[in-house]
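J.: Below is one structure. I have some questions about it.
The values are calculated or read from the model by the stated rules, or taken from the named source; none is laboratory data. Computed from a predicted structure; not experimentally measured. Counting neighbours? That spans all protein chains shown, and the Cβs are built from the backbone with ideal geometry, glycine included. Just the protein is used for accessible areas: all its heavy atoms, side chains included, with ligands, DNA and RNA removed. Shrake-Rupley method; radii C 1.70, N 1.55, O 1.52, S 1.80 Å.
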There are 2 protein chains.
Amino acid sequence: MPQLRVAMAQVDTTVGDLDGNVAVILDWTRRAAQDGAHLVLFPETAVTGYPVEDLALRTSFVDASRRAVGRLARRLADDGFGDVTVVVGYVDRVGEDARPGAGGPRRLPQNCAAVLHGGRVVARYAKHHLPNYGVFDEYRIFVPGDDLLVVRVRGVDVAVAICEDLWQDGGPVQMAGDAGAGLLAVLNASPYERDKDDVRLELVARRAAEAGCPIAYVNAVGGQDELVFDGDSLVVAAGGTVLARGPQFREALVVTDLDLPAGVTTPGWEEHVQRVTVTAEAVPAYEPRASEVLQPLPDVAEVHGALVLGLRDYVRKNGFRSVVVAVSGGIDSALVASLACDAIGPENVLGISLPSGYSSQHSRDDAEDLANRCGFEYRQYPIAPMVEAFLGTVPLRGVAEENLQARVRGTTIMGIANQEGHLTLATSNKSELAVGYSTLYGDSVGGYAPLKDVPKTLVWELSRWRNAEALSRGEQPPIPENTITKPPSAELRPDQTDQDSLPPYEVLDAILEDYVEGDRGRAEMLEAGFDATVVDSVVTLVDRAEWKRRQFAPGPKISYKAFGRDRRLPITNRWREPAASASLTPPVDVKTDSPLGQD
Amino acid sequence: MPQLRVAMAQVDTTVGDLDGNVAVILDWTRRAAQDGAHLVLFPETAVTGYPVEDLALRTSFVDASRRAVGRLARRLADDGFGDVTVVVGYVDRVGEDARPGAGGPRRLPQNCAAVLHGGRVVARYAKHHLPNYGVFDEYRIFVPGDDLLVVRVRGVDVAVAICEDLWQDGGPVQMAGDAGAGLLAVLNASPYERDKDDVRLELVARRAAEAGCPIAYVNAVGGQDELVFDGDSLVVAAGGTVLARGPQFREALVVTDLDLPAGVTTPGWEEHVQRVTVTAEAVPAYEPRASEVLQPLPDVAEVHGALVLGLRDYVRKNGFRSVVVAVSGGIDSALVASLACDAIGPENVLGISLPSGYSSQHSRDDAEDLANRCGFEYRQYPIAPMVEAFLGTVPLRGVAEENLQARVRGTTIMGIANQEGHLTLATSNKSELAVGYSTLYGDSVGGYAPLKDVPKTLVWELSRWRNAEALSRGEQPPIPENTITKPPSAELRPDQTDQDSLPPYEVLDAILEDYVEGDRGRAEMLEAGFDATVVDSVVTLVDRAEWKRRQFAPGPKISYKAFGRDRRLPITNRWREPAASASLTPPVDVKTDSPLGQD
């Protein structure tokens, strides 16, 4: 059987940076070629970055993507890698669109893979299945392809598919099996989500069995707005054996030597299979190397990795070099500052303490202790003079006065960020955002919110994990013990704690898990054993806080349903989960499939 | 030929308020019945409000929508209107979804119409064509139907379709023609957009010709987040004659007497046409009444109507009674305050002047003059003490100091809003938002932004139009002449004007029209005669301001591409329109449809 050295390059490209992305792809192809690879696979839309969103609707953008992939092919040949076969994702276009509501006929973009060899684009594949749920909007911006592509590379028939194609029954996977493919190469930009790595492995193994050939699954790496791509590229044999597995949250070349059947053009499917021979002769026999099969990180370590990478890439890709965080002595800002130090180094982190008259001494001490442990620059500006100036002009009291303090802090930190050119990090966590427990334009200010998708209970877990991890490496734990153990408080009035307004965080987070992640109704939550009064108050808070979340900065998605592109709800929305008694009303008289006709 | 009195009820319902919406539908059915209507048509998803967005993915919500429509049918009969046939939009569900990425098999929602008669739901239709472009995400949340519904009402065969079904070639319109329908009833929730009324009329006329029967096109009215539904319901005969046309921007019953062919069950399409006889006997002959055919408003009046309705409904539907506006003496805040007075009455509007040391005397005078003309409460709080307190603590200068003033204003107005329970209106216009000419958490604070989709040149037009309209009614013009004629300035430093930083607004708005609305590339804009330097700087500003727009409040959409659900772009985005020279690079070597295979 012919041999093939397949390199999966799990790279970090940036949306819109076509020249930069081409340079990344050239660089990693060079590394793969020097490592003897015959076939190099890059992620979905690596040339343009993922997701391009409505940029795909700009003719000039699609033109530039097409030009970039042509330029990439020529550069590869010019640099001496023309005999390596490269498969890379980009945006192309096809045909005419006739949807009148979409603005009349026009040529529409496709999510494509290009096969590059000998200085040219020798074949092209368009994704069949366009995901349009959760964070995905591909049906909005792309038209689907319907042909399978099989390229003969060094005598092996390699079928190509893109991401969602693998998640659908039938389609390209089945076609690849019927067409007798020796290898199925799948290009992905599959965002990180807790526990998704297990789901992916299972899926790839099942599809490899269906296709009757190994699958090489290459995934993107890196942060892009709210998405974090985790890499974790895989090669799985038809029998389900994992032949190679790459690292998570970092760029890498995952190289596998495979023995594959010689390509034989199989009859059938001719109308829908495009066959292109790139190189007919098999590789002369060589001694295969063992591949690395890395194990994925444990859960909390994995989340930490996602948060650090998401933060680093948001800072870097948006042209910032440094960040500023308001450190209160509390756990949220401590974890954010620690993540920032891990992401971009403490020398690029500025912590500002903004104590008020209600701030306890332990808060100031804990904030300073954090700065010392982490090694970032620390400044303190008491907010009393500004708060007093406001109160001298406008008589505010109660919640309005509490919010005033938060907004004076927000204004101060934004002033420093503007003056010195830092990106402001917001410190709100997912539990707070869910119930709207934050001050708009106050503690919620910032261009990026590392904990946006991290519930409060997980904030504590991550902090403890990070400290333990430091100890295990013989380093000082970054987060002060007192910050972890003290009761959480916004300190906007004397002796305030979060639990004056909210249920205990373990209860709150469990309800949020059911309501937000699970889309469960009130009746189901009561069945699950939650207290009705608590459920009602939490659900009402969540529904009412949508307007506030809309004005909040992006943050890295780590759950199935983050408060971002995953969950799109109206602001003007009078829907409230029906009380349990509503489920006792008479059965509906609308039958789903058989209306009660009188004909 | 049988006669039929058809009432189109263009009503304003609220997303999620199922009980309230059922009450609205009952009320308007009663009015229609009292007016002798035999068939009453309500808009698309009138029972749930439109758009429900991801609420459709909650089982409890879809259950509640199904129960509500059943309850509505019973209530109609109980109230004595069981012999009237009512067609109303709601959300139902059907079948199983097998998209694994979407979270495993589950029952999926449909965008439906229910036919109510005799206390029951007698038939159901599911929308075929699900728009998923612009502001629409229906492919994300609904599954399409594929059957046509024809109900025999008083001896006439009435086919039912929903909104996008009409915009697509073939589909339900053609099926209705083939099935011999005597009338095609189309339920819509079609958002307002400048000049769209002409497009709709043309479309309805063309489809009526294709179906070979009149079309009754009923559209929703009201504001829902960024969408404003304008009503403008229509009946158009097969020959293209407009038989009835309703008002814009207000609820109304549009009643038409039609002579229609007696229903005859036509062969063909049996498998895809569901026929239900509601009432077989024709109505006894009666004297038909003439219908009203209203003319749509002129362009600027129409925009004004959309802004007023959008603002009124946002305030009302979100449970507010009053608004606060920072009035600077400038044109944007003057127009916002005037719109607010038109929408909810001057007694519910509070104007706050927040002068700084850089504020001119004419600014203070103009703000006070505005308040006197409009009749809203006016207060003044100088911001110098707060600004000085900040500068005494944190040494800010330059742009950071300019932004500080804006943020002190934002903090003050939000404090008053919190204390007194007003909704804060943001005053930024579309031109500023486009280029990021605003201070985040400063002048951009607010829960609703009436001018979000209004370019600066249109702000002036609207102000002049509103003043002229007042004069024509013998009233005092609300906006001071000096506010309209003086050069625009943020007054954040001495002698500042907007044109220190921006091109003249006529030029800016023309470029934005091409780039934002038209998605045109740099090369096309240069061809259109714009200066390259100006285009480059505007386009760069627009691309870079995406992060800022994301944290901005909703506002009413009046253009083809508002900065909201219509235009979805990444924040982390290094794409810049290619310089003109890039269009001179060698032709691309990727052919669209025929890759250069070597097979």
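Rundown of residues vs (1) open to solvent by less than 10 Å² (accessible area, probe 1.4 Å); (2) without any contact (Cβ under 8 Å) to a residue 40 or more places away in the chain; (3) over 20 Å from A:Tyr133 (Cβ atoms), yes/no style:
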| site | (1), (2), (3) |
| --- | --- |
| A:Val538 | yes, no, yes |
| A:Val542 | yes, no, yes |
| A:Glu546 | no, yes, no |
| A:Ser559 | no, no, no |
| A:Gly564 | no, no, no |
| A:Arg568 | no, yes, no |
| A:Ile571 | no, yes, yes |
| A:Arg576 | no, yes, yes |
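J.: Check every one of the helices (runs of 4 or more DSSP H) wholly within the stretch B:481-599 and list those with 2 or more residues that are at pLDDT 90 or above and more than 13 Å from every other protein chain (Cβ to nearest Cβ).
T.: The helices (runs of 4 or more DSSP H) meeting that bar are B:481-485, B:505-512, B:532-544.
J.: Let me ask something else about it. Yes or no: the stretch A:242-261 includes at least one residue that is within 14 Å of another protein chain (Cβ to nearest Cβ), surrounded by fewer than 18 Cβ atoms within 10 Å (Cβ to Cβ) and outside any strand (DSSP E or B).
T.: no
J.: Test each condition in (1) outside any loop (DSSP other than H, G, I, E, B); (2) under 30 Å from the mean Cα position of the chain (by Cα); (3) modelled with pLDDT under 95 for B:Ala417 and report the one that comes out false.
T.: (3)
J.: Another question, then. Can you tell me which residue among B:Asp63, B:Asp17 is more than 14 Å from B:Gly89 (Cβ to Cβ) and modelled with pLDDT of 95 or more?
T.: Step by step, each of B:Asp63, B:Asp17 is checked, and only B:Asp17 is more than 14 Å from B:Gly89 (Cβ to Cβ) and modelled with pLDDT of 95 or more.
J.: Would you point out the residue of the stretch A:382-409, among those that are open to solvent by less than 20 Å² (accessible area, probe 1.4 Å) and of a type outside the set (A, V, I, L, M, F, W, C), that is farthest from the other protein chains (Cβ to nearest Cβ)?
T.: A:Gln405
J.: Something else about it: Looking only at residues that are assigned to a strand (DSSP E or B) and touching a residue at least 40 places away in the same chain (Cβ under 8 Å) in the stretch A:167-201, which one is nearest to the chain's Cα centre (by Cα)?
T.: A:Pro191
J.: OK, next. Can you find a residue in the stretch A:379-402 that is in the same structural domain as A:Asp342 (by TED's automatic domain parsing), assigned to a helix (DSSP H, G or I) and among the basic types (Lys, Arg)?
T.: The answer is no; no qualifying residue exists.
J.: Out of all the residues in the stretch A:202-212, which are in contact (Cβ under 8 Å) with a residue 40 or more places away in the chain and away from chain B (no Cβ under 14 Å)?
T.: Passing the criteria: only A:Ala211.
J.: Let me ask something else. Filtering the stretch B:114-125 down to residues that are open to solvent by 10 Å² or more (accessible area, probe 1.4 Å) and at negative phi, which residue is farthest from the other protein chains (Cβ to nearest Cβ)?
T.: By that ranking, first place goes to B:His117.
J.: Please specify each residue of the stretch A:213-227 satisfying the condition of being away from chain B (no Cβ under 12 Å) and in a strand (DSSP E or B).
T.: Matches in the stretch A:213-227: A:Ile215, A:Ala216, A:Tyr217, A:Val218, A:Asn219, A:Val221.
J.: Please determine whether any residue of the stretch A:461-474 is more than 14 Å from chain B (Cβ to nearest Cβ), of a type outside the set (Ser, Thr, Tyr), surrounded by fewer than 16 Cβ atoms within 10 Å (Cβ to Cβ) and at positive phi.
T.: There is at least one residue in the stretch A:461-474 that is more than 14 Å from chain B (Cβ to nearest Cβ), of a type outside the set (Ser, Thr, Tyr), surrounded by fewer than 16 Cβ atoms within 10 Å (Cβ to Cβ) and at positive phi.
J.: Of A:Gly246, A:Gly240, A:Gly212, which residue is within 23 Å of A:Glu164 (Cα to Cα), assigned by TED's automatic domain parsing to the domain that holds A:Val24 and in contact with an Asp or Glu (Cβ under 8 Å, 6 or more places away or on another chain)?
T.: Every option except A:Gly246 fails the conditions.
J.: Then there's this: If a residue must be buried (at least 23 other Cβ atoms within 10 Å of the Cβ) and either touching a residue at least 60 places away in the same chain (Cβ under 8 Å) or closer than 26 Å to A:Val516 by Cβ (or both), how many such residues does the stretch A:410-421 contain?
T.: Adding up the residues that qualify gives 4.
J.: Identify the single condition in (1) surrounded by fewer than 21 Cβ atoms within 10 Å (Cβ to Cβ); (2) touching a residue at least 24 places away in the same chain (Cβ under 8 Å) that A:Glu164 does not satisfy, given that it satisfies every other one.
T.: Looking at each condition in turn, A:Glu164 falls short on (1).
J.: Taking helices (runs of 4 or more DSSP H) that do not extend beyond the stretch B:283-378, which have at least 3 residues that are open to solvent by 30 Å² or more (accessible area, probe 1.4 Å), in contact (Cβ under 8 Å) with a residue 40 or more places away in the chain and away from every other protein chain (no Cβ under 14 Å)?
T.: Result: B:361-374.
J.: Could you go through the stretch A:441-455 and let me know if any residue there is in a helix (DSSP H, G or I) and either surrounded by fewer than 22 Cβ atoms within 10 Å (Cβ to Cβ) or in contact with a helix residue (DSSP H, G or I) (Cβ under 7 Å, 6 or more places away or on another chain) (or both).
T.: No: zero hits.
J.: Filter the stretch A:143-161 for residues that are modelled with pLDDT under 95 and either within 24 Å of the chain's Cα centre (by Cα) or among the small types (Gly, Ala, Ser) (or both); which is most open to solvent (accessible area, probe 1.4 Å)?
T.: In this case the residue turns out to be A:Pro144.
J.: Looking only at the stretch A:126-158, count how many residues are within 9 Å of chain B (Cβ to nearest Cβ), aliphatic (A, V, I, L, M) and free of Cβ contacts under 8 Å to residues at least 60 places away in the same chain.
T.: The qualifying residues number 0.
J.: Now for a separate question. Taking the options B:Val52, B:Val69, B:Val15, B:Val94, name whichever one is in contact with a Pro (Cβ under 6 Å, 6 or more places away or on another chain), within 11 Å of chain A (Cβ to nearest Cβ) and of a type in the set (A, V, I, L, M).
T.: Unique residue meeting the criteria: B:Val15.
J.: Among residues belonging to the stretch B:55-66 that are of a type in the set (A, V, I, L, M) and facing chain A (nearest Cβ under 7 Å), point out the one that is most open to solvent (accessible area, probe 1.4 Å).
T.: Among those that are of a type in the set (A, V, I, L, M) and facing chain A (nearest Cβ under 7 Å), it is B:Leu57.
J.: What is the residue count in the stretch A:195-232 for residues that are closer than 30 Å to B:Leu569 by Cβ and touching a Phe, Trp or Tyr at 6+ places or on another chain (Cβ under 6 Å)?
T.: Total satisfying the criteria: 6.
J.: For the stretch A:463-489, name all the residues that are out of contact with any helix residue (DSSP H, G or I) (no Cβ under 6 Å at 6 or more places or on another chain), closer than 21 Å to A:Ser360 by Cβ and of a type outside the set (Ser, Thr, Tyr).
T.: Listed by number, the residues that qualify are A:Glu481, A:Lys486, A:Pro487.
J.: If you don't mind, another one. Which of the residues that make up the stretch B:20-60 are more than 14 Å from B:Ala7 (Cβ to Cβ), modelled with pLDDT of 95 or more and outside any helix (DSSP H, G or I)?
T.: Selection gives B:Glu44, B:Thr45, B:Val47, B:Thr48, B:Gly49, B:Tyr50, B:Pro51, B:Val52.
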